[in-house]
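This report concerns only the one structure given below.
The values are calculated or read from the model by the stated rules, or taken from the named source; none is laboratory data. Nothing here was measured: the structure is a model prediction, and the numbers come from that model. Backbone-built Cβ (ideal geometry, glycine too); neighbour counts: all protein chains shown. Heavy atoms of the whole protein, side chains included, go into the accessibility calculation; ligands, DNA and RNA do not. Shrake-Rupley method; radii C 1.70, N 1.55, O 1.52, S 1.80 Å.
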Amino acid sequence: MQKIIFLILTSLYLGQSQSLSELTQVALEQNLDLKILEKEYRAALERAPQVSQLPDPEIGIGGFPLPVQTRLGPQVMRWSATQKFPWFGVLESKENLELAKARAIQQRIAARALNLKYEVEQAYFRLYELQESQVIIQRNLKLLESLEQVALAKVESGKATMVDVLRVQLQLEEWKQELKILAQLETKPESVINQLLNRELTTEIVILDSLEFVEIGIDRIAIARNISNQHPMIKMYQLQQEIAQNQLKVNELVNKPAFGIGVDYIFVNERTDATFLDNGRDIVQFRATVSLPIYRKAYEAKAKEEQFKIEALDQQQTNTLSQFLTSIEQAFADYESAKLRLELYQKQKEITQVAINILESNYSTANSDFEELLRSEKELIEYDLKVLKAIVQNHLAKSAIERFVVWDENTD
């Protein structure tokens, strides 16, 4: 019966857990920022058909309250139709401009997806550290409780004083309070993950992963090349420069002459004061118009504006790439320091464990070195926590590097 209850509780526990890859996938599907950008992208695509069509034809009708008398009779009504045509290539250029704007939004979506994955990973690793820290402390609390029992036994046998017991109890209380603090701190990364996944902020996240030290797997030169060629933010700046170039082309074309053709049909009544051939014949008139862009200040100002934009975007691209590479260098520094710290803490942990074994043996046979034993037990817990912190820092650094790398078939 107890085994059945255990299996049920275990299944419920596992049902609440999600791996990092699963959480990331849910975030990519449910995150509101991505959904908003997707809607903006679709809206941008719908602007291309709006600008690639000819202007609507104009149809007019008019009457003559005071009819204009002609030789064939008085004019009584006019019907007209006009169609305007922009300069050759204007409509295509406007369509290309809007499509380029849509592609820029698409790159913003890709950049947000990279950052979203990074934000989920950072919060996940922080939460892992908090939860695993509690596991480490809980495991060592049992050792301290065993030590407390040993001290109590020695007190009862007259080989130790209650001071030893009180020292252990103080240590136990300190770590129990630390457990409460760590449990409370879980709220921060949990709420971050849940917000990114667009779900209830209080949803519990149980981590079952066991992290080990990982290698980066890609060198700085390859990363820099990957960012320059593949990162969506760099592509976005390039597309924005293309947008400005397209805007220059549109600006140039719209300042070319535009054409229009039209036809007028005028209804004419017959004359009653005379009879002759074609009496009352209606009038048909064909028209052609040309608009002449003689006012050039707006055109010249727009050309300068777009040229300044191109120069600014080029500098922004260079600056962004520099910032990315700086972040990469910082992440590599964190990675290397985590590696060195892990080696140090593991050695210190081994030495401390040997010292504890010796001190425990001495204390069990004689009333000596208890304070040193208790201090070593505390150091062992702290080294366990430091080893954990170094491993988490290793994963955080790897995540910070992969934040900028686009893993696809073009990745070097």
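What the table shows:
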{"read-out": "Enclosed volume per residue, in Å³, of the convex hull spanned by Cα atoms of the range 123-260", "value": "214"}
{"read-out": "When the convex hull of its Cα atoms is projected in every direction, mean area for the range 202-261 (nm²)", "value": "11.2"}
{"read-out": "Probe 1.4 Å, protein heavy atoms only - accessible area per residue of the chain in square angstrom", "value": "59"}
{"read-out": "Where only C-alpha atoms are counted, convex hull volume of the range 248-323 per residue in Å³", "value": "125"}
{"read-out": "Sulfur and carbon atoms: percent of accessible area, the range 165-204 [1.4 Å]", "value": "54"}
{"read-out": "Debye intensity ratio I(q)/I(0), log10, the chain, q values 0.14 Å⁻¹ (C-alpha model)", "value": "-1.27"}
{"read-out": "Per-residue ³J(HN,Hα) for the range 234-244, Karplus 6.51 cos²θ - 1.76 cosθ + 1.60, θ = phi - 60°, Hz, x for Gly and Pro", "value": "5, 5, 5, 5, 5, 5, 5, 5, 4, 4, 5"}
{"read-out": "Table column - 3J(HN,Hα) (Hz), the range 181-196, Karplus curve with 6.51, -1.76, 1.60, x for Gly and Pro", "value": "5, 5, 4, 5, 5, 4, 4, 4, x, 4, 5, 4, 4, 5, 5, 5"}
{"read-out": "For the chain: relative contact order, % (alpha-carbon pairs under 8 angstrom, 6 or more apart)", "value": "24"}
{"read-out": "Gaussian network model of the chain, springs between alpha carbon atoms under 10 Å - residue of 265, 363, 299 with greatest fluctuation", "value": "265"}
{"read-out": "Out-of-range pairs (alpha-carbon distance over 23 Å; input 35/389; 176/386; 188/386; 39/398; 349/378; 35/235)", "value": "35/389; 39/398"}
{"read-out": "Surface/4 estimate of mean projected area, convex hull on alpha-carbon atoms of the range 281-412, nm²", "value": "20.7"}
{"read-out": "The range 32-130: radius of gyration and largest Cα-Cα distance (Dmax), Å", "value": "28.0, 100"}
{"read-out": "Placed amide H near residue 258: partners under 5 Å, 5+ positions off or other chain", "value": "291"}
{"read-out": "The range 192-289: relative contact order in percent, alpha carbon pairs under 8 Å with at least 6 residues between", "value": "17"}
{"read-out": "Förster-model FRET efficiency, 51 Å R0, residue 50 and residue 279, C-beta, rounded to 0.05", "value": "0.55"}
{"read-out": "FRET E, pair residue 145, residue 221, Förster distance 60 Å, beta-carbon r, rounded to 0.05", "value": "0.65"}
{"read-out": "Residues of type lysines that residue 84 reaches as a straight line, Cα spacing below 27 Å, ignoring anything fewer than 8 places off in the same chain", "value": "94, 101, 249, 256, 297, 302"}
{"read-out": "Segment residue 153-residue 202, length gained on full extension (0.36 nm per residue, minus Cα span)", "value": "13.1 nm"}
{"read-out": "Calculated FRET efficiency for the pair residue 304/residue 344, C-beta based, R₀ 51 Å, to 0.05", "value": "0.25"}
{"read-out": "Carbon/sulfur fraction of accessible area - the range 285-363, other protein chains in place, 1.4 Å, %", "value": "56"}
{"read-out": "Shape parameters for the range 303-351, alpha-carbon atoms, Rg then Dmax in Å", "value": "21.3, 72"}
{"read-out": "Virtual paramagnetic centre 7 Å along Cα→Cβ of residue 176, amide N under 12 Å, in the range 351-392", "value": "none"}
{"read-out": "Length released on extending from residue 43 to residue 407, taking residue separation times 0.36 nm less the Cα-Cα span", "value": "128.2 nm"}
